Amino acid sequence: MYALVDCNNFYVSCERVFNPSINNKPVVVLSNNDGCIIARSNEAKALGIPMGGPLHLWEKIIRQNRVIVYSSNYTLYGDMSLRVMDCFYYFTPNFEVYSIDEAFLDLKGFNKSNIYQKMIFMKTKIYQWTGIPVSVGIGPTKTLAKLANRIAKKCSNEGVYEFKNSDQINQVLNGMELEKIWGISKGWANRLKKIGIHHALQLQQANPNHIKQHISVVGKRIVYELRGISTLDLEQVSSKKSITISRSFGEMVSDLKSLKEALSNHIFRAAEKLRLQKGLCGSLCVFINTNKFKKSESQYNNSGVIIFNEPTNNTPDLIKGGYKILEKIYCSGFKYKKIGVTLLDLKIKSTELNFNLNESVCLSTSEHYITQGNLFCNDKKNNILSDKEMTVLDYINNKMGSKTLFYGSQGVFKSKKNKKKWNMKSHFKSKSYTTNWDQLLIVK
C-alpha cells in the first residue's frame, strides 16, 4: 500500500501559519514579478478566481472582495516544506518527496486493518507540529494513491481516503475523465478517445500492449497501476543532470553592468546547488532574452556555452566563464527582460572504499570526482584551496543566512528600498520568518 500526502493550498497555508488573522479569508499568492495567481485559498476559489489568472485581469474582483494578496516567498515555502517532509520520518523511513508540497509514503509493514486510522493520526500530528493541513490518499499503487488524494481533498470530511477493494476502485473509475488520471495528458487522452477509450474504467480494462502501441510504455504501466498492480516504486532523490537558474527582471535592463550583476547572482545560486549535490560542472551556458510579448520593440535572443579545461564548482571561476559568454552575446540597443545560466556536463563525487588486501578489512573511505584532468595544467594545490574556500562560504551562508558572504560582482544594495532594476517585483511579499534573524515573528 502507498499513501500520497499533499499539503492543502500549500503557499496560502504557509502564510496563514504566521498570520492567523487571514484564516477563513480569501487569499491568493502570485508568481514571479507578481504576474499570475499560482495559489488560492478555498475562499478565493469560491469567488471564481482561476489558477494561473493574470493579476491585472482580476484586480477588480480582488479589490471588491477584499482578497488578500501575497508575492511568492520561496524561502519561507521551502523551509516549511522541509518541516513537513521531516515529519514523515516518525511514521515510515521509506518515502519519496514528489514536489514541494507532495510526498509518496511506502506503507509496507503497516497493519492493513488500521492504516486509515494511522493516516488520520499522522495528519493530525503534521498539523500540530507544522501548522500545515494535509490530505492523504491511500491505495495499492502510486497512481491510485494519487487519485485517492484527489477524492480526500474534495469529498472526505476527515481529509483521508482509502481504496480498500477492487469494486470500490471500479466504481470511482467508471465515468471518470481520462485527464484526471495521474500521467494522462490532454494529448494522450485525445489519442485514447480515437481508439474508443473515453473514461478511466475503460482504460483500466484495456489491453496493456494495445495501449503501449498507441501511447507508450508509460501508458501500459498506468493500466496495470489502475488494476492495483504496482509498477512504480518509490524513487530515491537523484542528482540533477543540469542546473538552471533564471529570472525575469522587475524592470527592463539594457546596460551590460546590470546584466553582469544579475548573472553573478544566478551563478552564485547555481554553484551552491551544484556543491550541495557534491558535483562539478564541465561546461556553462548563458542566455539572454528581450520581452517577446512587446511586439512594438525590437527582439533579440542569444546564448553561448563555455567548456572548462577541468570541471569545477568554484563560484569565481564560474562567474568569470559566464562573463566571457555574456560579453560575446550582449548586443547594445535592446531592452532585456531575462537572463539565465545552465550548468552542464555535471560530474558527481563518488565514495571509494580502501581495503586491506590481506585481511579484506575496510580501512577508510575517501570521496573523489570521476573526471578527466587537464594534461597541460593540473594545479592540485589551487584545487584544494578552492574546495576549502567554497566549504567555508557555504558553511557561513547556511549558518548565518543566504548571502551573508557574497561576491562584489553580485552588486551591493545600499538599502531595502534601493533595489536593482533586475530584481523581481514582490510588492506583497511576507517576511522570511524561519530563516532570517531580523524577520522573526513578533508576538504582541
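The rule of thumb for compact globular proteins, 2.2 N^0.38 Å, goes into the C-alpha radius of gyration of the range 287-328 1.56 times. Expressed in Å, the radius of gyration and Dmax of the Cα atoms of the chain are 25.4, 81.
Across the range 217-285, Cα-Cα distances exceeding 13 Å account for 75% of all pairs. Between amide H atoms placed 1.01 Å from N, distances below 5 Å from Y98 occur with A103, F104, all of them 5 or more places distant or on a separate chain. Per residue, the solvent-accessible area of the range 66-195 (1.4 Å probe, heavy atoms of protein chains only, all protein chains present) comes to 51 Å².
Given R0 = 41 Å, the distance between the Cβ atoms of H214 and I348 translates into a calculated FRET efficiency of 0.65. Scanning the chain for chymotrypsin sites (Phe, Trp or Tyr not before Pro) that sit in a DSSP loop and have at most 15 other Cβ atoms within 10 Å, the longest stretch containing none of them is 1-292. Potential lengthening of the chain between S99 and N291 amounts to 66.2 nm, from the contour at 0.36 nm per residue minus the alpha-carbon distance. Out of every Cα-Cα pair in the range 97-247, what percent are more than 24 Å apart? Of all Cα-Cα pairs in the range 97-247, 40 percent lie more than 24 Å apart. For the range 3-112, with all protein chains present and a 1.4 Å probe, just round the carbon and sulfur fraction of the accessible area to a whole percent. Summing carbon and sulfur atoms, their accessible area is 51 percent of the total for the range 3-112.
Applying 1/(1 + (r/R0)^6) with R0 = 51 Å to the Cβ-Cβ distance of L405 and D167 gives a FRET efficiency near 0.25.
When nucleic acids and ligands are ignored and a 1.4 Å probe is applied, E261 ends up with an accessible area of around 20 Å².
Converting phi to 3J(HN,Hα) with the Karplus coefficients 6.51, -1.76 and 1.60 and the offset θ = phi - 60°, the range 42-54 yields 4, 5, 6, 4, 5, 7, x, 6, x, 5, x, x, x Hz in sequence order, with x at every glycine or proline. Mean sequence separation of contacting Cα pairs (under 8 Å, at least six apart), scaled by the length of the chain, corresponds to a relative contact order of 16 percent. Expressed as a whole percent, the accessible surface of the range 161-307 that belongs to carbon and sulfur atoms is 47, based on a 1.4 Å probe.
Counting only DSSP H runs of at least 4 residues, each contributing -39500 (n - 2.57), and dividing by the residue count of the chain, the helix-based mean residue ellipticity at 222 nm comes to -11500 deg cm²/dmol.
Close amide H pairs (under 5 Å, H built 1.01 Å from N) link R247 with I339, residues at least 5 positions away or on another chain. Taking amide H atoms as placed 1.01 Å from N in the peptide plane, the amide H of L346 lies under 5 Å from those of G282, each 5 or more residues away in sequence or on another chain.
Backbone phi angles across the range 273-281, fed through the Karplus curve with coefficients 6.51, -1.76 and 1.60 (θ = phi - 60°), yield HN-Hα couplings of 5, 5, 5, 4, 9, 6, x, 10, 10 Hz in residue order; Gly and Pro are listed as x. If the chain linking N207 and I229 were pulled fully straight, counting 0.36 nm for each residue of separation and taking away their Cα-Cα distance, it would gain 6.5 nm.
Can you tell me the 0 to 90 degree angle between the C-alpha axis of helix 380-400 and the longest principal axis of the chain, rounded to 10? In the chain, helix 380-400 runs at an angle near 60 degrees to the longest axis. On the principal axes of its alpha-carbon atoms, the range 151-223 has extents of 41, 23, 19 Å, going from largest to smallest.
Approximating the spin labels as points 7 Å out from Cα along Cα→Cβ, the D387-to-K193 distance works out to 5.8 nm.
Summarising the strand pairing of the chain, around 90 percent of its internal DSSP beta bridges are antiparallel.
The values are calculated or read from the model by the stated rules, or taken from the named source; none is laboratory data. Values in this document were obtained by computation on a predicted structure and should not be read as measured data. Methodologically, a virtual Cβ is constructed for each residue, glycine included, from the backbone with ideal geometry; neighbour enumeration extends over all protein chains shown. Quick note on the areas: whole protein, heavy atoms, side chains included, nothing else; ligands and nucleic acids left out. Shrake-Rupley method; radii C 1.70, N 1.55, O 1.52, S 1.80 Å.
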